[in-house]
Amino acid sequence: MPGKYRVMLIDDEESVRKLMRKSISWESLGMEVAGEAGSGIEAINTIDDIRPDIAFVDISMPFMNGIEFTEVATERYPGLVIIIMTAFDDFEYARKCVSLPVFEYMLKPMVRAEVVKVLERVRAKLDASAPASEDDEDDADIPAEDDLNEKIRKYLDENYTDSKINLTEVAQHFGFSPSYLSRKFKQSTGRNFVEYLTMLRMNRAMELAKENEKMFIAASSVGIPDPNYFGRCFKKFTGKSYSDYAAMHKPGK
């Protein structure tokens with residue numbers, strides 16, 4: 001059996017994520033909770049770092065709901081096992097989305113024994129389909145690296161405001177594996193892909209803060225329409241909250 005399967009919990013209710021972390025014996029299932037996200041937007045932005053095999057996705061989330069996330073995720077990560085979590089009122093809506101390759105739909109509040117049964121089925125599926133190690137592209141077939149990295153930077157400069165952009169999307173756009181593109185990009189720029197994308201977004205966000213733009217507008221303008229996730233990114237990048245940074249740069253300060 002492969003190493004532990006990585007699980008991502010995507011739900012805008014922190015209490016739900018915390019309960020799932022504590023109530024399931026992940027270790028005994030050969031799994032680990034590798035990461036969480038409070039919205040579909042945050043999940044798209046962090047999924048390349050978390051690299052989950054399994055994702056529990058709440059259907060009802062702001063800014064990008066579970067169905068929208070699933071549409072993006074299944075196109076970019078065809079091996080990802082998605083389990084949709086839905087409240088009773090949304091259950092029929094969820095079941096109508098039969099065209100999406102969702103492994104299971106589970107009604108909230110979920111029963112631990114039922115979750116375990118589903119996860120045992122997921123583990124059997126993943127064990128049976130465990131792929132061989134990924135063969136990176138032959139360097140001989142790759143165009144000049146400087147040219148490639150320049151094209152990638154140009155693409156990011158022109159598209160960083162797209163909330164759905166991430167490493168896998170860009171890798172697919174240029175026809176490479178995410179691991180290859182990530183490695184070559186960092187060798188060239190000294191930053192990993194997420195750091196570079198965040199830098200573009202936060203540099204623009206700082207400009208908007210100086211213009212006294214409202215935070216929710218600035219967040220949407222730079223491709224992170226989830227204000228909670230945007231706020232965490234901004235503070236990590238600048239060391240200050242958006243409101244404090246904007247207040248510091250008001251005219252006359």
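The values are calculated or read from the model by the stated rules, or taken from the named source; none is laboratory data. The model shown is predicted, which means the values in this text are computed figures rather than measured ones. Note that each Cβ is placed from the backbone with ideal geometry, even for glycine, and that neighbours are counted across all protein chains shown.
Out of everything in the stretch 31-52 that is more than 13 Å from the chain's Cα centre (by Cα) and buried (at least 16 other Cβ atoms within 10 Å of the Cβ), what residue ends up being nearest to residue 228 (Cα to Cα)? Selected residue: 33. Taking first residues from the stretch 14-25 that are closer than 17 Å to residue 117 by Cα and partners that are modelled with pLDDT of 95 or more and assigned to a loop (DSSP other than H, G, I, E, B), the Cβ contacts under 9 Å between residues at least 6 apart in sequence or on separate chains come to 20/11.
Considering the stretch 97-130, the residues that are farther than 13 Å from residue 55 by Cα and among the hydroxyl-bearing types (Ser, Thr, Tyr) include one that is surrounded by the most Cβ atoms within 10 Å (Cβ to Cβ), namely 129.
Scanning the stretch 76-101 for residues that are assigned to a loop (DSSP other than H, G, I, E, B) and modelled with pLDDT under 90, we see that the one that is farthest from residue 15 (Cα to Cα) is 99.
Checking each residue in the stretch 1-26 for being touching a strand residue (DSSP E or B) at 6+ places or on another chain (Cβ under 7 Å), basic (Lys, Arg) and not in a loop (DSSP other than H, G, I, E, B) picks out 6, 17, 21. All conditions but one from (1) farther than 24 Å from residue 69 by Cα; (2) part of a helix (DSSP H, G or I); (3) out of contact with any Pro (no Cβ under 9 Å at 6 or more places or on another chain) apply to residue 191; the one that does not is (2). Counting only residues that are surrounded by fewer than 18 Cβ atoms within 10 Å (Cβ to Cβ), among the aromatic types (Phe, Trp, Tyr) and in contact with a Leu (Cβ under 9 Å, 6 or more places away or on another chain), the stretch 142-183 holds 1 of them. Just one of the numbered conditions (1) surrounded by 19 or more Cβ atoms within 10 Å (Cβ to Cβ); (2) closer than 19 Å to residue 41 by Cβ is not true of residue 220: (1).
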